[in-house]
Amino acid sequence: MNGMSLLEARRVTKAYGRTTALDAVDLRLGAGEVVAITGASGCGKSTLLMCLSGIGVPDSGEVWFAGARLDDRPESVRARLRRTEIGVLLQHGQLVPELPAAENVALPLLLGGARRAGALRAAGEWLDRFGVGEVAALRPGELSGGQQQRVALARALITSPRLLFADEPTGSLDSVAGEAVLRAMMTAARDLSTAVVLVTHDATVAAYADRELHMRDGAFPGQVVPA
Ligand SMILES: Nc1ncnc2c1ncn2[C@@H]1O[C@H](COP(=O)(O)OP(=O)(O)OP(=O)(O)O)[C@@H](O)[C@H]1O
Ligand SMILES: [Mg+2]
């Protein structure tokens, strides 16, 4: 694989029963690069994020991260990567309902063996950064959809990952709050040199990316990926 790529997908295919969600997707992302993936509802954006982040596994094709094959590693290895080098913000609820927001954010650090006090302090700083410091002690069920999204984003970034996947990060926010969260996310990513794969249906959001890839029927038509 090309030494410049942080992430590479080769002919990634995934079907749910008779529905082909991904149809031989090729994609390449450089270190620190920000790519927006757009496309109609149901075209395969979330499925692609699942396969690229190692949450899901493609039916065929390959996913490479930082020079190593990702998709054929055991779940334990992929899960460890998601606690360290790959941050993921999913489209639908993924906070632990029993835990207060601050502990949800601190979780990747705590699971990695960090000291509790330091992890919770870092979590508080990240919540502040996304404008939700005041919800630190509340559980996800006590938060609005937009607050939950910001907490999840703080959790995705607390490990300073090399790569962040964000599926509709502003989907539950009005345009003013969405813009603020997006700016905070992009500033954090730039500070940390984190590459971002951003899924959105919003052209204003896509404008924050270095590159936009438009998905249709599980592929990026017309896109030429050099061999
Ligand atoms: N768990 C599943 N079981 C069965 N079919 C699924 C499942 N997840 C997705 N699909 C199907 O796969 C296709 C792609 O779904 P996906 O969620 O990736 O789309 P999307 O582009 O993220 O859509 P949206 O913009 O609405 O979030 C759709 O046809 C969908 O119905
Ligand atoms: Mg989706």
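The values are calculated or read from the model by the stated rules, or taken from the named source; none is laboratory data. Everything quoted here is computed from the prediction, not taken from an experiment. Here Cβ is always computed from backbone atoms with ideal geometry, including for glycine, and neighbour counts include all displayed protein chains.
So here's what we get for this one:
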{"read-out": "Residue in segment 68-89 that is buried (at least 20 other Cβ atoms within 10 Å of the Cβ), away from ligand 2 (no atom under 16 Å from the Cβ) and closer than 23 Å to GLU212 by Cβ present", "value": "yes"}
{"read-out": "Residue ID - surrounded by the most Cβ atoms within 10 Å (Cβ to Cβ), chosen from residues in segment 190-224 that are on the phi > 0 side of the Ramachandran plot and away from ligand 2 (no atom under 14 Å from the Cβ)", "value": "ASP217"}
{"read-out": "Selection status of VAL151, more than 16 Å from ligand 1 (Cβ to nearest atom) and either closer than 22 Å to LEU27 by Cα or touching a residue at least 24 places away in the same chain (Cβ under 8 Å) (or both)", "value": "yes"}
{"read-out": "Count - residues of segment 19-58 that are touching a Ser or Thr at 6+ places or on another chain (Cβ under 8 Å), in a loop (DSSP other than H, G, I, E, B) and within 16 Å of ligand 2 (Cβ to nearest atom)", "value": "1"}
{"read-out": "Hits in segment 98-124 (condition: modelled with pLDDT of 95 or more, over 20 Å from the mean Cα position of the chain (by Cα) and of a type outside the set (A, V, I, L, M))", "value": "GLU98, PRO100, ARG115, ARG116, GLY118, ARG121, GLY124"}
{"read-out": "Some residue of segment 207-227 being assigned to a helix (DSSP H, G or I) and either at pLDDT below 95 or among the small types (Gly, Ala, Ser) (or both)", "value": "no"}
{"read-out": "Count of residues meeting criterion [closer than 21 Å to GLN91 by Cα, touching a strand residue (DSSP E or B) at 6+ places or on another chain (Cβ under 6 Å) and of a type outside the set (Gly, Ala, Ser)] in segment 53-62", "value": "1"}
{"read-out": "Flag for GLY3 being in a loop (DSSP other than H, G, I, E, B), at pLDDT below 95 and away from ligand 1 (no atom under 16 Å from the Cβ)", "value": "yes"}
{"read-out": "Test for THR194: is it within 16 Å of ligand 1 (Cβ to nearest atom), of a type in the set (Ser, Thr, Tyr) and touching a Pro at 6+ places or on another chain (Cβ under 9 Å)", "value": "no"}
